[in-house]
Structure formats: C-alpha cells, structure tokens
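The values are calculated or read from the model by the stated rules, or taken from the named source; none is laboratory data. These numbers were taken from a predicted model, which means no experiment stands behind them. All Cβ positions, glycine included, derive from the backbone under ideal geometry; neighbour counts span all protein chains shown. For accessibility, only protein heavy atoms count, side chains too; no ligands or nucleic acids. Shrake-Rupley method; radii C 1.70, N 1.55, O 1.52, S 1.80 Å.
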Amino acid sequence: KSSLSLRFILSVEGICKCGYPKIQHCDEAIKPEDYMGEQWDTHRHVREVPTDAFGDITFGGLGQKTGKYVRVSSDISSESLYQLMTEHWKLRSPNLLISVTGGAKNFYMKTHLKDKFRRGLIKVAQTTGAWILTGGTHAGVMKHVGMAVRDYTLSSGLMEGQIVVIGVAPWGVIHNRHTLVHPEGCFPAYYALDEQGQGRLSCLDINHTHFLLVDDGTHGHYGVEIELRARLEKLISQQTLGSRGSGVTIPVVCVVLDGGPGTLNTIYNAMLKHTPCVVLEGSGRLADVIAQVAALPVSKVTLVLISQLMKRFFGQEYKSFTEVQVIEWTKKIQDIVRMPHLLTVFRIDEDKNYDVDVAILQALLKASRSDEHAGRQSWERQLELAVAWNRVDIAESEIFTEESQWTSCDLHPAMFSALVGDKPEFVRLLLENGVCVGKFLEQEDKLTELYAHLPACFFLRKLAKRVQGGKIHRGQEPQPGSSKISLSHVAEEVRHLLGSFTQPLYGLSRHKMTGDDVRLAVPSKGLVDLPCLGEEWTPDTVWDPGRDLFLWAVVQNNTELAEIGWEQVQDCIAAALAACKILRKLAQESGEDDSEEAKEMRELASHYEKQAIGVFSECHSWDAQRAQKLLIRVSPSWGRSTCLWLALEADAKSFIAHSGVQGLLTQIWCGELSVDNPHWKVLLCMIFFPLIYTAPNSKHLQSTLTPVLFTSPQVKFYWNIASYFGFLWLFAVVLMIDFQAYPSWRELLLYVWLTSLVCEEFRQLYHDFDGSGFRRKAKMYISDLWNILDVLSIVLFIVGLVCRLQASGTVFYVGKVVLCIDFIIFSLRLMAIFTISRTLGPKIIIVRRMMMDLFFFMFLLSIWVVAYGVAKQGILIHNEERLNWIIRGAVYEPYLIIFGNVPTNIDSEHCSVNGSDPLKPKCPMLNDENMPAFPEWLTIIMLCVYLLFANILLLNLLIAIFNYTFQEVQDNTDTIWKFQRYELIKEYHSRPALPPPFILLSHLILFIRAVLLRYPPQRHKTFRQELEQTEEEELLSWEAYMKDNYLASTRQDESQSVEHRIQDTQLMCRSSDRDDGESSGQETDEEAAPHTFARQLQYPSSTVKRFPVPEEKVPWEVNFTPYLPPVYNEQDSMLNFILMNGFGRNPGGRTGIRGKGALKSLGPNHILHPVLTRWRDAEHKVLEFLAVWEEAEKHWALPGRLHSMCVFSVMQVYKGYVDDSRNTDNAWIETTIVTLHCDKHTPLMADLNRIVSRKYHFLSYCSDFCTI
C-alpha cells in the first residue's frame, strides 16, 4: 500500500505541510478553509491506498540494468516486506545482512580506500550470500555501493549481477518517480538518471537490484524510511540462518562511511542492539572522528578532544553545532568506544593487503565471541556463521585457535551444514580439527538425512522413482514431501549400479523403514528406468562410515567432496573401483551421452580409476604378493566383491592392464606351474608327461605333479587348440573327401565331436563362476561376439545336418552347402583362440574395429554403386525382365568396375539380343543401323565420374579410416588385449581338463554330481579369497598407509609445479598480512569508569531522554554549566522543591535526569540480592547457584527483594551503591548481597523453589562455572 494525503494544511510557503501542492491532493482533502498553522500528523492526515508503483525497473547505460521495485507505506509490517522479497522476488534468505550507512551527500574518498571498500564489499557479499541494504539513491555512500556492484557486473560479464543490493529510499524525494507509477504495475518501468534536473530531490541509483520506496504521504522529506528500515533489519536478524533449525539467526553488520548526526544516531542505536559496526577510517567526518578515538580509553575521550576532532574533520560545518549537540556527540561516542567488541575500525595499511571483507567478518565473529551469556554456544555460533559464509580463511584465523577446544560432537552440526551446502574446503577443515567420521555417522538417521538433502542429480531422480514404486513418468514432477526415503532404498539402487553379484550395502535388519523417515523432494528430468533386482540376497552388511560418506558424495557426482570422502576410506582401491563402476553405470543410464552431467560422471570415473592405479602401484612396488592379495580379497564394505571383479565390471581397462594385475592373471593362467617355464617345455611335457618327474624336487611331489600339469589353464588351452585344429581338419576331410549318402565313421566322429562342443557351450552358459546368477550370466554370454559365432555355427551345423540326412538329392546338396558355409564360421572362430597371444591378440582387436568401419563405409559405397548401376542399366538395356540379370547389371557389375573389371556384355558375342539365352545378358538396344542407340559420350562421362568418386575418393577414404583406426587403437591395443585376456583365462580356468571330444566324460560327471547327487556347485577360490579378521585388518592398515604415501607424493608433485608455487606464494602473503588487530585495538581503562547504566540516554520504560553527560562531567565537583537535566517521576507528586540546594544527590555523580524516576522514593532505595547455592551431588564437587530470567532485560540475574526465607548460614558479600538504569540524580539503588547455602533435600529447598517460581515464573540452577 501507499499513502495519500487527506487534509490540505497551508504552510508559510503556500504549499501543504506534507510537501505537495494543492492540486495534487484528493478532492476531500481540499476544503474552502485553510488550516493555516495546524500541526501536521501523519496518522490523522494520511490514509493508505493500494500501491500503484511496483514491478520491474530498467535503467539505461552500463552496469546493472534490471531490478525490482515497490512503493510501500511507512506503516507496512516488516513481515510483509520480507515475504515480498523472499516469495515474490524469489530472493534467497541471506546468510548475512550488511547495512551500509553514512553520508548521503557526495564525498571524497581516497582511491586506495575506495578500491578496498568496493572490492571487499562485493567479495563478502559474493562469498557469504549476503544482502546489502542502503538508502538506494545515487549519492553519497549509496553511490559508492552502486559503483562497486557495477564494477563487479562488468568484470564478471553478467548482465544481471548475483549481488543483492536493496535500496530503502523515501518515495517523496525520488526524482522522476512518475515514470514508476502504473495501476497494474510496470514490467518494466524505464527510469532515467537525471542528476542535473533533480534539484533538492534524489535519483535512484541505477546499480541497485531492488528498491523499497517508503511513502508516508509527504514530498521532499528525507528520513521517513529510517524507522521502517530499522524494523526490517530487526526482523531479518531474527530469522534462522540456513534451512535447518540450528538456532543461529542471520547476523547483521553496519558499515559506516563518512556520516553526520543522523549516521551517529544510526550506529549508536545499532550498537545498543548488539549490532557490530565497521568504521572506515579515511572516509571522512564522523567515521574519522570515531576512528581517532576508538583505540583510546574512555577516560581520555573528553569533550575537548571530541570538539577538536569535529572541528578538524567537519570544517565549516562544525560551526552549525550547538554546545549541547557537541556534548551529546561526546556522550554517544564514549558509549560507542565503551563497546569495543562491537566496534571495528578498518584502517589502510600499506603493509597489509587485505580488504574490507576481512574486517566485516571479523567484526561479526568478535561480537559473537564477546557474548557474555553464550560460552561454548558463542564458538558454535561463530562456526555456523563461518560455514554459512563459506569463509575458510576466517575460520582458520578466528575460530580454530589454541584457546578454542573442540570435540567431534561440537563440530557435527557444522559438518552437516558443510556437506549439504557443498563446501568441501570447510569439510576438510573440520576433519583436520577433530571431526570423526565414525562418530558423525554413528546414528543411522544422520546418513538418511544426508541422502534426503541430496542436490538435484540423476541418482536422486532414480531414487525417487524407486521410493515411489516406479510411478514417475516422463515429464512428471514428483510431489515434494510425498515420498519417504530409507537406506534400504539406497542399498537397492546402489546394488543395481554395482551389479547383482554384490550384496546390499545396508541390510534391512539394521535400516528399517519407519514413520519418521525423512521426506524427499526431487526435481524431475524425465523418464528413469526402475531396474529389477532379480535374485534373492541375504543381508550381511558392515558399518563403514568412511564408505558411506564417500558413496554419498559419489552418487551426486561431487568431485571435491568425493575426494575428501575417499581419503577417509580404508579400503581405498575397492572404493575407487566401485565409484568408477557406479559413475559409468549412471552415465550410461542417463540416456544423454552428450549431456554435461554424463560427461562429468565419465571424467570422475576415469579419475578414480587413476586413483586406484596409483594406490595399487604404490602397494605393488612395496610388496607384490600382498598387493595381489588385495585384488582377490573379499571386501565386506562393498557387497562382498573383490577389487578384480569391480575393475572388470567397471570396464577399468587401464587398471587391469597394470603389471601387478597382469602378474596375478599370469599366475592363474599357469596354475601350479611356474610362470618362468618356457612354452616348449610345457608342450613337451604335455606329450611326454613322464618328463615332468625329471624336474628338480619332483620326487617329493610325484603323486600331485600329473594333476597339476593337466589342470593348469595353460595346458588346457594348448590341448583345446590341438583339439580344435583336429576338429577343423576332420570337418574339412568330411566336406571335401568323405561326404557320402550314408554317414561314414569320420562323419559320425564329427557329430560326436560337435556334440561335445554343444555340451561345453551349455556348461559355460549355466556354470555360475562367481555367483552372479543365471540372468546376468546369460546376459554376459549373449553380449560376447565369439559366443554369438559359436551359437550361429552350431545352429548352421544342425540345419546342414538335417538337410544332409534327407533322401532328396537337391536337399542333400543344400545341406552340404550349409555345412561348407558353417566351416567358414568355425574357422573364423579360431581367431578367438589366439586372443591370448601377445602378438596376435592386439591385431585381432584392430581387425574387429576395422570391420565396424568397413560396415559404415559399405553403406556409403552402396549409394554410389546403386546410383550408377541403375542409371547404366536403364540406358544400356531396354526392359530387362530377368531379376537375376537386373541385379547383376545394377549392382554386381558396377561393384566389379571399382576393381578394374570392365563389362563385356556390350559385344554381341557375349550377349543375347532378345534375352532368350538364360546364361547371357541382354544386348544393348540398337537403332535402325544396328548401332548402339545410347549416347556413348554420356555413358563414358558417367563411368569416369563414377570411377573418380568410387575408386579414388571412397577407396582412399576407406584407407584413411583404416589408418586412423589403426593409429587410434594401436596405442590402446595392449591395454584392451590385457583386459580381454581375463575372460579367456577365466574360461579355461573353469573348463574341464579333457579336451573335446573326450570332454563328454567330464560333462557326464558334472551332470551326475549336479542332477543326480545334487551336490552344491563348486566355487572357484582362485579369484576370491576370504581372510581372517586379523589378516584383514593388517592388510587394510597397510593399504591405508600406502594410500597416504601415494597422496603425499601426488601433493608433492603438484606443489612443484610453477602454477601451484605462485598460488602458495599469494596465499602466504595474504595470511602473513592478516593479524588479529584490525578491530578497534582499544586499551583497557586502568580505573573503573563511573556509572554507565545510569547515564543511558533513553530512560527505561519511558519516552524521556536523559541530558547527555560525558565521562569527565559525571562527578558533582566538576563544573558543568550547560547541565539542564529533565525531571521525571513515574508517579506524579510535588517534588520540585526538594530538588534544590543539592539535596538527595546521587553518590555516583550526574545521571542526566532528575526526580525519582521509576523508583519508589528519593534517595537510596534498598534491595537485597541473595546468592542461593546448593550442592548438586553428594560428593560436594559441583556447586549450583540460583538465577532468574529477566524478560525485560533479556538476561539472567540474581533474585532480588526476597525477604521471607529461612537459611542455615548467611554471609554478607557487598553493601553499597549499584549502577542501575533506573537511577536518577535524586534517587538510586543500594543493595546488600549475601550468600545463602541451602540443603538440596530438605523441605526448606522445596519452599524456596516455590517462592521463586511464583515470583519470577522461571528459575534455573546454573553450574557451568561452579565445578569444584
């Protein structure tokens, strides 16, 4: 709402006292009579109407261009304004409120100070998420703030700045405000800066982002916004900091530049409300006066000194000050100096290179630290503020000092805020200063709450779909708070990402879904598949807080937090590989391969693959055998998987290609045989196995040498190669020599041989090597190209066999053709066998990649072949009706032309005129002269163009593609070959020892054991190893030690880089420049100051103001001629005659007010203050004292005015004058303090509690500082 004048009251100048002329009043305000000389009253003569100025505001020129504005009444509630800013203007609640005040007129400020102020103000607002509150006009200190925002906007390249600067300005002093008026709002309103024509009015600053234009119905009156601005600042200071109910409210700081009498009142009232102030020395006038005396004791801040400083810094303006005003300034400045914990002076020091932001933040922390009622809560509040501001430098220098002793539990709220707020530097700082991850995540609810506060990411959308039972469809927004999350949901989703071969990380028995589970609100980005878990599982989980923190950071794709979490994990290699698997799975399922999120996931996955390689390399260099044990050790923290299996599932080719991993695979490949045996020895012993007993030490192992030889995967592989060559030789003999109408013994042997191959394929399909389940095993089997070739070759063989057994001659021959084609596939399958070869294996990989390139090339080539072939066929041949010759002429012949085969069907000797000969093509069409009817030049041109593109361009393109593929794959073929080598090793490790066709005996034995005898399947222990608890702990400790070595070496390598050295040098310079003395640096008074509470300018519970009494004018003996204090008596009585001749003078000196005030009588008013104590325990180790809460003063106090009570012992502690805010020159309080010690378990103590609670409504026994 805005204000509208209801009464035209004529002033001396001929206009209304509201400042508006008569024509701008409403009809009801203009009366025939003029109310000349009537007192203007805003509440009587102004009414509120709906506002007609609100919306967007746009400025011309550079800098901040667009903002929000609204015209509001001066009586509007601050709650409504705050709701407007946060809900309608969509401003995030601030972490800090910076109220900038000072000179409203343009003033000069040194360039160095101006740069520091602008840079520091923007830095503190940007890093802490602060709101900056100013007067909003384009003058004075507001102009400097606007220029700071403009410089930031231009340097950052943003059209709309991220800094929130709110101007609270009077509506009646805004020049060109008519452009902002529109009944339905302006979107936008165009406002022009016109400093030349503004006169006594002021223009809005074009660099502010938001404006609150306060209207009280007046025109040209400054200062009408001060009350509303103070109420708004107070409301914001009462709001909770952050989204969680931590109890910490939004801090407020006042920054002072220049300034006059109004600025002094502002900062004086702010400091009385415990708001810290930062004064910039060198900005002029009031700021310089305060800066000069801030470091002095209050006793030295005299009236003479303040007069000299005002004359020095105010110049000619000082002459306008009266003597009473100077006295009032002195009194207020003394009170300001008396609060050094709230006063910080920023001084320019050429030797120190810090900006205003450090002074602002240190002022807030200093004020919080000096809270006399906070204790430990003061440090915790400071830490919460530092986390909210994300200022690690301030926390290191001001909070984590030697005098502050932190426990892990004290830092848990800050740790949670830092994690949820994505502040990795703070997380690292908290860990360095005592946070124990185990204690932090000791409660399950803490981890659940962390997952409930996940930022918007793909994992969160998947988790929301799982929580809601898969009911989220594409484009559908999940309802906030409509779903609940538990760790069982997280376990299911993580198990899906890791693979069904793992067990859930969080067991259902430990993490049960309850009614108190945290609600989850998730933004949706589209359809998310909800996978099925498949097999049943048995919960067998372990509690691993380091893993939990690392996993929480990984699933949200947070690089820095994940790195910190990984450093806390003990099983670091498995954790890195698991993260690699999870991230690549998430990137694959996101469905957006080119999205930024998917790219970041793949980059982070590659990073953790490198981390796993780095730690494993460190381990392998120290102890190769222990390092290999890490690969096959079952990890309880990661679903009872192994590092080797996680690396394979994560497609971590570089990790598998590591020499240590390859050494393990080679050892498995050789079995019990030595890896140093040459191949010829192994082959010779395979044929003449008795030679194995000629080896050294063979006499002690004669009973086991033969099984060891033939169960070695290497030996199995050699026998299977020989068997496969024998199979191909037999197959070729049957096809070329012995393919009879009735199968011969060779053909029957071939069928038996093939049957053994089929049985082996079934065994591979159903054999659960690692316990991953049939569904996953079948999926892996189908995904292998060589298995597809096996199935295809077997199917073709069966088809050819069925056709071959038919009596019909034609079908019989078709069967032979199918078997011949099948022989080609069986021969191609031979390449898979040689993938184990270090020489041929990489070449086979290159061939497979080139075949894919060739497929896409043939698509391009087919376009040219068909285009040319159809055109050529249509021109040469007229109405060819034979399909085979059409295809031959349109496709086959153009294809052969590429390889230089020129067609010969143009000559009549090689063609049929009418196409009557089925073995010859149709001749070209002839004219009447028996000459070709087609234009020869056209076909020649077409042939040249076709050969140019097909023969030269496309074929050379194919060569270039092959060359590129070769160069690209050549560098990685060794890595890819080593990765694929595992599958061949695993296959032959689990394969029966007998080669085909003798392998049928092994299959028969396996069938009897599994089906008839129902023996459980045998699991191979070579790739998985269960360790004893002691050995497990020792191995993990060694791995953690190796990880620390790796990280230390990595940091050392980074620190040696030039860029890092430059950054370290800059940081060291900044840290050395900062010290603890930017605050006021006030010296302590040697003598106790005279009463201060009795000289507060505002008398309590009244509207009466005291006469200002400076420090040196307090004693009655000091002459103080201007002293004319007001007389105040809360109860009317005839007391003026008593106040003469010094009767009833306050023994503490002048107070600035006469009468008895709020006290009952003149002279001393006696009061008793008992200190009630009792022992808390029977051992008399902790002493408690009674305190009551004074609601009016907002602090704890000793109970007073207690008369009727019995005590065991009474001892007087003090008797005399008390400095009380109710004291006057003629009435004061004198107290008697006694100690009363009572027994805790007597009826007397119960009566005492009843008396105190009835009188004070709230009592508490305090023992924080009374431990004996």
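Values as computed for the structure displayed
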| item | result |
| --- | --- |
| Computed E for Leu926/Ile863 - FRET, C-beta separation, R0 41 angstrom, nearest 0.05 | 0.80 |
| Calculated FRET efficiency for the pair Phe710/Phe1007, C-beta based, R₀ 22 Å, to 0.05 | 0.55 |
| Label point distance in nm, Ser1037-Ala192, each placed 7 Å from Cα along Cα→Cβ | 8.1 |
| Neighbour net charge for Ala53 - beta-carbon separation under 10 angstrom, K R +1, D E -1 | 0 |
| Whole-number accessible area per residue in Å² for segment 297-362, which is evaluated in the context of all protein chains at 1.4 Å | 43 |
| Extension gain (nm, one decimal) between Asp853 and Ile348, 0.36 nm per residue minus Cα-Cα | 174.9 nm |
| Cα-Cα over 32 Å, subset of Lys68/Lys273; Lys366/Lys1160; Lys484/Lys1043; Lys681/Lys986; Lys423/Lys629 | Lys366/Lys1160; Lys484/Lys1043; Lys423/Lys629 |
| Accessible-area composition of segment 174-213, carbon plus sulfur, in percent [1.4 Å probe] | 52 |
| Spatial separation of Cα centroids for segment 197-213 and segment 930-1008, in angstrom | 75 |
| Approximate spin-label separation His112-Asn879, in nm, with each point projected 7 Å along Cα-to-Cβ | 10.4 |
| Neighbourhood charge, 13 Å Cβ-Cβ cut-off, centred on Thr973 and excluding it, Lys, Arg +1 and Asp, Glu -1 | +4 |
| Mean accessible surface per residue for segment 783-832, computed with a 1.4 Å probe while every protein chain stays in place, in Å² | 52 |
| Cα-projected label distance for Arg838 with Lys234, points at 7 Å along beta-carbon direction, nm | 8.4 |
| Förster radius 30 Å - calculated FRET efficiency between Ser621 and Glu396 (Cβ-Cβ, nearest 0.05) | 0.25 |
| His679 accessible area, 1.4 Å probe, all protein chains in place, Å² to nearest 10 | 110 |
| Shape call, segment 173-270: gyration tensor on alpha carbons, a/c limit 1.5 | oblate |
| Highest average packing first - 557-570, 744-757, Cβ atoms within 10 Å | 557-570, 744-757 |
| Segment Trp745-Glu1179, length gained on full extension (0.36 nm per residue, minus Cα span) | 145.9 nm |
| Whole-percent carbon and sulfur share, accessible surface of segment 372-463, 1.4 Å | 42 |
| Gyration tensor verdict on segment 975-1044 (Cα atoms; rounded if a/c is under 1.5, prolate if a/b is larger than b/c, oblate otherwise) | oblate |
| Magnitude of the charge dipole, segment 783-925, Cβ model with Lys/Arg +1 and Asp/Glu -1, debye to 20 | 420 |
